[in-house]
Amino acid sequence: MKIHEFQAKEILKAYGVPIPRGEVARTPEEVKKSAKELGGKVVIKAQIHAGGRGKGGGVKVVENPEEAYQAAKKIINMNLVTHQTGPEGKRGRKVLVERCLKIDRELYLSIVPDRSTAKIAIIASEAGGMDIEKVASESPEKIIKIYIDPLGGIQSFHCRQLAFGLHLTPSVTKQFIPMVSKLYQLFVDCDCLLVEINPLVVTANETIYALDAKLNFDDAALFRHEDLRAYRDFDEEDPYEVEASWFNLHYIKMNGNIGNMVNGAGLAMATLDMIKQAGAEPANFLDAGGGATTEMIENGFSIILSDKNVKAILVNIFGGISRCDVLATGIIQAAKKINLKVPLVVRMEGTNVEKGRKILAESGLNVISAIDLKDASEKITQLVAGASSS
Ligand code: ADP
Ligand code: MG
């Protein structure tokens, strides 16, 4: 789960990590009021779940409350296109109004799990700020990494190693060491997948602040963080993906015209590959999970069909826990109930498969049975090719 910068900064503040003074605002009037309270010269920052806002025009420095008002009119609700939003962009409803700091250096610091070493990696660079991706690809020697054994936890030598690598002065190092320890603690406590401070700034009077903050949490651990779940912003998510999550279905929208209902993420990935190989494009990825019931199949069909690009549906289910005859009955009932109009190709394998295929064949519905995954992907590809040429 992703959250906004202003929410991440609330958490940083609770951990004692220094952040600039700031306030969230929703209207230009509120922005003006906040700018006055914060002393006039402020930065207005669009709040969207994507980085690269500075380059996309979503971060503006203004000299006084009147300029703040004018800038807010542009930034609130603007469709912000950055390298992380994709070409369609994202619309932020809120802005963060923040005191403008006199920056001397912009550093980069992030904490991520490193799967290859099974450790926690802290990544830092002297060349932080808006061009960090370029630094990583063109001058990787400017990036330092240290690995922390999660059982031992962070030690002061780790922090000193980072401080030396970043060429911090003694007075900055004194502030930096506790800051890194607190960020590490936050990473562990909140089950984060990412803590990223870019930039971590050193001001002209040698004080450090987290100027930007990105926190991603592990969805699988959210059940034990009620406080973090409250930060979820549904406006930032695809409405159909949200709807699917209410039914315990995992749905990801894509750009093609073949709807897919599959049980298990691995099988879903293989199905998408096969569709592409057969020369067509998937419209989505819908994982119906282990014990797919009639109700789940019905909800799955409805979600898939809410995408008007869908010209045919492929159901690819392995009946391990669930039996194929029960699944076939569920598919038929669901298709009848929602009056399914698009062609349906079903590939089933597993327990009671023959019984299941018989139920499908005798249903009187336009259901095409496939014998294996290759057969299924070829049949569905032919169907959509036929639909688009007619
Ligand atoms: P993004 O990473 O989405 O572009 P940032 O929050 O990192 O957004 O802001 C982009 C740049 O704007 C920063 O690298 C910094 O130079 C400047 N900036 C952001 N907040 C402030 C602030 N409070 N005071 C001064 N400059 C700021
Ligand atoms: Mg940033």
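All of the numbers you see were taken from the coordinates with simple rules; none came from a lab. If you're wondering where the values come from, they're calculated on a predicted model, not measured in any experiment. Backbone-built Cβ (ideal geometry, glycine too); neighbour counts: all protein chains shown.
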Checklist entry - Could you count how many residues in segment 186-207 are farther than 20 Å from Ala163 by Cβ and within 16 Å of ligand 2 (Cβ to nearest atom)? => result 1
Checklist entry - Between residues in segment 111-133 that are farther than 17 Å from Leu166 by Cβ and residues that are within 16 Å of ligand 2 (Cβ to nearest atom) and part of a loop (DSSP other than H, G, I, E, B), which pairs lie under 8 Å by C-beta distance while being six or more apart or on different chains? => result Met130/Gly52; Glu133/His83
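Can you tell which of Ala280, Ala288 is of a type in the set (A, V, I, L, M, F, W, C), out of contact with any Phe, Trp or Tyr (no Cβ under 8 Å at 6 or more places or on another chain) and more than 22 Å from Lys336 (Cβ to Cβ)?
Values: Ala288 fails: more than 22 Å from Lys336 (Cβ to Cβ).
Result: Ala280 is the single residue among Ala280, Ala288 that is of a type in the set (A, V, I, L, M, F, W, C), out of contact with any Phe, Trp or Tyr (no Cβ under 8 Å at 6 or more places or on another chain) and more than 22 Å from Lys336 (Cβ to Cβ).
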Item to check | Members of segment 70-98 that are buried (at least 19 other Cβ atoms within 10 Å of the Cβ) and in contact with a Pro (Cβ under 8 Å, 6 or more places away or on another chain) | outcome: Ala72, Ile76, Glu98
Item to check | Lys142 being surrounded by fewer than 18 Cβ atoms within 10 Å (Cβ to Cβ) and in contact with a strand residue (DSSP E or B) (Cβ under 8 Å, 6 or more places away or on another chain) | outcome: yes
Item to check | Failed criterion for Asp149 (all others in (1) more than 27 Å from the chain's Cα centre (by Cα); (2) of a type outside the set (Ser, Thr, Tyr); (3) more than 16 Å from ligand 2 (Cβ to nearest atom) hold) | outcome: (1)
Next on the checklist: Could you go through segment 67-80 and let me know if any residue there is within 10 Å of ligand 1 (Cβ to nearest atom), touching a strand residue (DSSP E or B) at 6+ places or on another chain (Cβ under 7 Å) and assigned to a helix (DSSP H, G or I).
Outcome noted: no
Checklist entry - Looking only at segment 270-303, which residues are polar (S, T, N, Q) and surrounded by fewer than 19 Cβ atoms within 10 Å (Cβ to Cβ)? => result Gln277, Thr293, Thr294, Ser302
Checklist outcome for this item: segment 208-300: strands (runs of 3 or more DSSP E) wholly inside it with 2 or more residues that are within 16 Å of ligand 2 (Cβ to nearest atom) and over 18 Å from Met348 (Cα atoms) are 208-210, 214-217
Item to check | Selection count where residues are within 12 Å of Asp212 (Cβ to Cβ) and more than 9 Å from ligand 1 (Cβ to nearest atom), scope segment 38-64 | outcome: 1
